[in-house]
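Heads up: the structure comes next, in structure tokens.
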Amino acid sequence: MKQVPNRIILPEEMMPKQWYNVRGDMPEQPEPLRNPGTGEIAKKEELYPVFCEELVEHEFTTERYIDIPEEVQELYKMYRPAPLHRAYRLEKELKTPAKIYYKYEGGNTSGSHKLNSAIPQVYYNKKQGITNLTTETGAGQWGTALAMACKFMNIGLTVYMVKISSIQKPYRKAVIETFGAKIIASPSDTTNAGRAMLAKDPDCMGSLGMAISEAVEDAVTSKNTRYTLGSVLNQVVLHQSVIGLEAKAQLEMVDEYPDIVIGCSGGGSNMGGLMSAFMQDKLTGKANPYFIAVEPSACPSLTRGVYAYDFCDTGKVTPLAKMYTLGCGFMPSSIHAGGLRYHGMSPILSKLYHDGFLDEARAVAQSKVFEAATLFAGAEGILPAPESSHAIRVAIDEAIKCRESGEAKTILFGLSGHGHFDMGSYISYQEGSMVDYEPTDEELQEGFAQLPKIDVQ
């Protein structure tokens, strides 16, 4: 039998020319967005002050395939197609009969998959004539990716960076500023939402929900400015589908198909992108892969949240989305996986999970995550991001199950980015000062009690 190469490279001419929209094959659609003031179903034009018009179309469409503009395809070619790796050394280390593959998205300066959505979002804003953008960022991958895309297309950018992440990751700030973006630590005194939070808690270290509030407020009160989001939204899951489309084509090149697909999940961009082409097979009855979404036990929206309408931001100015949520006021602990510190989950992923197509959600503690990251780095030679390492943890656990059962399953996981700017977290793990945290039921109940009351069936 022919040996599968360590790195499977898709020929450039086979790169996806269209994004795949999983909504086109879902038997039931996610619940619609709702106006935060009235609770009524949101109309497209109500979102135009926040997002550029073509991205609003992406948010609402149920078309199965959307053409990728040629300009976007050309920018994708700077770093795509991304390699698919066979983890031979990790398999040997684990003594498992499982075949482990990982899709590596860290081969660009942003260090993650986030550039896949940043480029089209900036492209469509530029096409509409928008001159400035705002956004939030947690760990910094999204802020970096958007800063790169804005530099490529000559658009101004203000990034509201979660305060704890701006403290923990100063080099991320430096990279973002290198590409010309302005960074404001959130919560800040530059917006009404930020000032209100600081008045309530002067020492607040922030959250993604808080940073979103500030970025949206800035966008709707500034001239010729729009807001962009790096996760959660339907449009982001759409753009990230290039990950799964490529991965499926690469596995076909070596006559493989995954039994298990694993991705880290904070807001849903990475997991949504990785699972896309394989979820299509499940929805259409062509195959039945098992999907596992992995989240931090400190911010367990899928595993301990409720499926309800909630605001996408702490300041309660964004549309209401029905999703698995901990409540928009939930302030997660200052874990090192800053990109996963979001109170809710993509409405698409939430609906798929609620309806049983996304098979399992698993929450893991950060010390166990870094244990897996260290093992993986020693075996495969890539230092993974804390976020990505959640997927590594569960991939290792599943491979060990195969060792114990003797089953030779094929496992695919998403290595969504590298950890070169996360050395503080690795030092914390190595020194033994890393602390695991899980919110109590009482703390979660406080967030649930504040969920908006929406009278829908």
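Which whole-number percentage describes the relative contact order of the chain, with Cα contacts under 8 Å and a sequence gap of 6 or more?
20
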> For segment 1-147, with only Lys/Arg (+1) and Asp/Glu (-1) charged at the beta-carbon, what is the dipole magnitude about the Cα centre, in debye rounded to 20?
Replying inline: 1060
> Quick one: Cα centre-to-centre distance for segment 61-76 and segment 1-51, in angstrom?
Replying inline: 11
>> What does the net charge come to around Pro170 if you take all other residues with beta carbon closer than 13 Å to its beta carbon, with K and R at +1 and D and E at -1?
In response: +2
>> How tilted is helix 269-283 with respect to the longest principal axis of the chain? Cα atoms for both, answer in degrees (0 to 90, nearest 10).
In response: 60
> Taking the simple approach of a point 7 Å from Cα along Cα-to-Cβ for both Lys401 and Asn288, what is their distance in nm?
Replying inline: 1.5
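Please state the shape class of segment 319-414: rounded when a/c is under 1.5, otherwise prolate if a/b exceeds b/c and oblate if not, all from the C-alpha gyration tensor. Display every interim value, and only then the final one.
On the way: a/c = 2.65, a/b = 1.42, b/c = 1.87.
Note, shape of segment 319-414 comes out oblate.
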>> For the ranges 435-441, 299-305, 51-57, what's the packing order if you count other beta-carbon atoms within 10 Å of each residue, average per peptide, and put the highest first?
In response: 299-305, 51-57, 435-441
> Principal axis lengths of segment 128-188 from Cα atoms, whole Å, largest first?
Replying inline: 35, 20, 13
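Using helices alone, I'd like the mean residue ellipticity at 222 nm for the chain: each DSSP H run of four-plus residues gives -39500 (n - 2.57), total over residue count, nearest 500.
-12000 deg cm²/dmol
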>> At a threshold of 8 angstrom on Cα-Cα distance, excluding pairs fewer than six apart, so keeping six or more, what relative contact order does segment 348-457 reach in percent?
In response: 25
> How far is helix 366-380 tilted, in degrees, relative to the longest principal axis of the Cα atoms in the chain, given as a value from 0 to 90 rounded to the nearest 10?
Replying inline: 50
> Nearest-5 percent of antiparallel DSSP beta bridges in the chain?
Replying inline: 35
>> As I understand it, the dipole of the chain uses +1 on the Cβ of Lys and Arg and -1 on the Cβ of Asp and Glu, about the Cα centre. Which of Phe51, Ser433, Gly344 lies farthest toward its positive end?
In response: Ser433
> How would you classify the chain from its alpha-carbon gyration tensor, with a ≥ b ≥ c the square roots of the eigenvalues: rounded for a/c under 1.5, else prolate if a/b is greater than b/c, otherwise oblate?
Replying inline: rounded
>> Placing +1 on the Cβ of each Lys and Arg and -1 on the Cβ of each Asp and Glu in the chain, which of Ile8, Tyr160, Gln445 has its Cα farthest towards the positive end of the resulting dipole?
In response: Ile8
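Read the figures in this text as sums done on the coordinates, not as results from a lab. This is a predicted model, so every value here is computed, not measured. Every residue, glycine as well, gets a Cβ built from its backbone with ideal geometry; the counts of neighbours run over all protein chains shown.
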